[in-house]
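To start, the structure under review is shown below, and the notes come after it.
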Amino acid sequence: MLRFLSSLQARLVAGFALALSVALLSVGWYVSGEAGREAERSEALRMEARVQRVRSALDERLAEGRGWSGIQPDVERLGRLLSARVLVWDGNEKLIADSHKMLGPRVWDSGENWGAQLVTEDGDAIGTVALMSLRPFPGAELLEPVDSDLADHVSAALLWAGLAAGGVGIIAVALMSRRALAPVRALSAAAEKLGGGDLSQRVLPSSGDEIGRLGHAFNRMAEDLESAERQRKALLADVAHELRTPLSNIGGYVEAMRDGLAEPNGENLEIVRQQVSQLTRLVEDLRLLTLAESGALELHVNPESMNDLLVSVSEAFGPRARANAVAVSYEPAPGIPLALMDRGRVEQVLQNLVENAVTHAPTGGAVTLQLSMGDAGSVRVSVRDTGEGIDEEALEAVFERFYRVDPSRSRATGGAGLGLTIAKQLIEAQGGRIWAESEPGQGSAFIFELPSAGKRE
């Protein structure tokens with residue numbers, strides 16, 4: 001019960017009930033007041049008309065010369081006819097007739113619905129006639145209803161109608177709010193379970209209003225959290241997998257040398273050094289990837305010549321490529337504007353792309369670097385090889401962490417599978433984009449674009 005009283009539905013119902021009560025009280029007060037005032041005006045006009053009838057009857061009596069003598073029976077008859085108390089005074093202000101004299105003089109000055117007129121003869125006032133409503137006097141028999149009764153009936157009817165409307169309105173609001181808040185309750189329950197670690201929670205948006213859009217937003221958030229959790233678990237598993245082999249190798253060689261099964265000579269120590277170097281590169285790659293993905297990587301972006309950088313990279317890989325019988329070529333492209341980039345980070349990306357291209361190019365193959373204008377005036381760089389190519393399924397995953405196109409390649413020859421992921425993060429951190437194109441058997445191309453500085457070399 002306490003939980004319901006503190007709920008949003010209870011507050012909505014209470015707010016509606018309060019607003020409805022204020023509205024009904026205001027309308028009731030205004031209508032009752034107006035009905036009462038209108039009843040008073042109507043009663044006053046009725047009394048005035050009755051007084052005029054009494055006066056006309058008295059004027060007719062006087063015109064017949066009968067004077068005031070024997071007037072009491074006529075006044076009583078008029079009182080019964082008009083359902084009012086009729087009072088007549090002579091010119092000396094002496095009461096000479098009272099249609100309801102049994103009520104006594106104590107009520108003459110009550111002032112309830114009085115209506116009085118002078119009775120004149122030949123222009124001289126010879127008396128006064130007045131009528132008084134019988135309603136204020138207990139025991140008085142009314143021959144017709146008075147207007148104040150109608151006002152009371154209107155007020156009572158308004159009260160009952162207001163109570164009925166209020167009850168129906170509160171029930172309707174309670175039902176409608178319960179239905180309207182059902183998605184909110186479902187969303188709240190799903191959020192509690194989501195906070196408890198159940199990332200599979202989803203809600204079914206029931207409408208296209210704000211609550212429906214909130215449900216869609218919740219589902220997107222839950223999907224993102226579930227995806228992030230899957231990626232986190234996959235990353236931990238991948239990192240553990242990548243670390244296990246070099247650590248096992250190092251531990252095996254150390255144990256062997258300690259037990260005398262292997263000599264601590266230069267050859268064995270070089271193997272240990274290589275494993276340590278591989279671990280160091282992996283840790284550095286993970287650190288760089290984490291900084292890039294979190295936006296905390298420090299970049300020094302300036303207008304730089306992409307031509308000069310490509311010449312430098314192609315010359316640096318020339319000797320190694322020739323040792324593998326692979327040709328690395330680049331033809332400088334004139335008229336290309338400077339690129340906005342961090343030269344060191346873009347050089348790191350190019351070294352990774354060219355390294356992969358040289359590794360995957362067959363003996364006698366070629367790696368070609370190209371520079372051109374990209375979309376919206378950007379600077380585009382392509383690294384193409386004549387290798388075996390990449391199928392469509394693998395092409396969509398080459399930029400994922402720890403992904404290798406050829407799973408059979410060892411870590412020594414194939415790396416940890418972070419190079420392309422880091423390249424993607426570095427290019428996007430500088431406002432560019434990177435993608436891959438390939439046809440199996442026709443080679444592959446890795447292409448990236450960076451914003452142009454607008455100035456030409």
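The values are calculated or read from the model by the stated rules, or taken from the named source; none is laboratory data. A quick note: this is a predicted structure, and the numbers were derived from the prediction, not measured. For neighbour counting, all protein chains shown are included, and Cβ atoms are generated from backbone atoms with ideal geometry for every residue, glycine included. For accessibility, only protein heavy atoms count, side chains too; no ligands or nucleic acids. Shrake-Rupley method; radii C 1.70, N 1.55, O 1.52, S 1.80 Å.
Across the stretch 40-66, which residue is nearest to Gly127 (Cα to Cα) among those that are touching a helix residue (DSSP H, G or I) at 6+ places or on another chain (Cβ under 6 Å) and modelled with pLDDT of 75 or more? First the steps, then the outcome.
Applying the first criterion (touching a helix residue (DSSP H, G or I) at 6+ places or on another chain (Cβ under 6 Å)) to the stretch 40-66 yields 42-43, 50, 54.
Narrowing further to those that are modelled with pLDDT of 75 or more: 42, 50, 54.
Numbers: Ser42: 26, Arg50: 17, Val54: 13 Å.
It comes out as Val54.
Would you call Val276 open to solvent by 60 Å² or more (accessible area, probe 1.4 Å), touching a residue at least 24 places away in the same chain (Cβ under 8 Å), part of a helix (DSSP H, G or I) and in contact with a helix residue (DSSP H, G or I) (Cβ under 9 Å, 6 or more places away or on another chain)?
Values: open to solvent by 60 Å² or more (accessible area, probe 1.4 Å): yes; touching a residue at least 24 places away in the same chain (Cβ under 8 Å): yes; part of a helix (DSSP H, G or I): yes; in contact with a helix residue (DSSP H, G or I) (Cβ under 9 Å, 6 or more places away or on another chain): yes.
The answer is yes for Val276.
Residue by residue through the stretch 130-158, note down the ones that are modelled with pLDDT under 75 and assigned to a helix (DSSP H, G or I). I'd like the intermediate steps shown before the answer.
If we filter the stretch 130-158 for residues that are modelled with pLDDT under 75, which is where we start, we get 133-155, 158.
Result: Asp147, Ser148, Asp149, Leu150, Ala151, Asp152, His153, Val154, Ser155, Leu158.
Please specify each residue of the stretch 205-237 satisfying the condition of being surrounded by 11 or more Cβ atoms within 10 Å (Cβ to Cβ) and in a loop (DSSP other than H, G, I, E, B).
Pro205, Ser206, Ser207, Asp209
Quick test for you: out of Leu62, Leu24, pick the one residue that is surrounded by 14 or more Cβ atoms within 10 Å (Cβ to Cβ), under 30 Å from Leu163 (Cα atoms) and hydrophobic (A, V, I, L, M, F, W, C). Before the answer, list the steps.
On the way: Leu62 fails: under 30 Å from Leu163 (Cα atoms).
So the residue among Leu62, Leu24 that is surrounded by 14 or more Cβ atoms within 10 Å (Cβ to Cβ), under 30 Å from Leu163 (Cα atoms) and hydrophobic (A, V, I, L, M, F, W, C) is Leu24.
Please go through the stretch 65-82 and pick out each residue that is in contact with a Ser or Thr (Cβ under 9 Å, 6 or more places away or on another chain) and buried (at least 16 other Cβ atoms within 10 Å of the Cβ).
Within the stretch 65-82, Val75, Glu76, Leu78, Gly79, Leu82 qualify.
Has the stretch 363-375 got at least one residue that is modelled with pLDDT under 90 and within 28 Å of Ala292 (Cβ to Cβ)?
The answer is yes; a qualifying residue exists.
Would you be able to tell me the number of residues in the stretch 294-314 that are in a helix (DSSP H, G or I) and among the β-branched types (Val, Ile, Thr)? Don't jump to the end; show me each part of the working.
Here is the first cut: in the stretch 294-314, the ones in a helix (DSSP H, G or I) are 294, 306-314.
Still in the list and also among the β-branched types (Val, Ile, Thr): 311, 313.
Adding up the residues that qualify gives 2.
What number of residues in the stretch 156-194 are among the small types (Gly, Ala, Ser) and surrounded by 15 or more Cβ atoms within 10 Å (Cβ to Cβ)?
Count: 9.
Just one of the numbered conditions (1) at pLDDT below 85; (2) touching an Asp or Glu at 6+ places or on another chain (Cβ under 9 Å) is not true of Glu284; which one?
(2)
Which of (1) in a helix (DSSP H, G or I); (2) more than 26 Å from Ser177 (Cα to Cα) does Ala14 not meet, given it meets every other one?
(2)
Mind checking which residues of the stretch 318-359 are over 16 Å from Ser382 (Cα atoms) and assigned to a helix (DSSP H, G or I)?
Hits for the stretch 318-359 are Gly318, Pro319, Arg320, Ala321, Arg322, Ala323, Arg343, Gly344, Arg345, Thr359.
Out of Asp385, Asp391, report the one residue that is of a type in the set (D, E, K, R), in contact with a strand residue (DSSP E or B) (Cβ under 7 Å, 6 or more places away or on another chain) and either on the phi < 0 side of the Ramachandran plot or buried (at least 16 other Cβ atoms within 10 Å of the Cβ) (or both).
Values: Asp391 fails: in contact with a strand residue (DSSP E or B) (Cβ under 7 Å, 6 or more places away or on another chain).
So the residue among Asp385, Asp391 that is of a type in the set (D, E, K, R), in contact with a strand residue (DSSP E or B) (Cβ under 7 Å, 6 or more places away or on another chain) and either on the phi < 0 side of the Ramachandran plot or buried (at least 16 other Cβ atoms within 10 Å of the Cβ) (or both) is Asp385.
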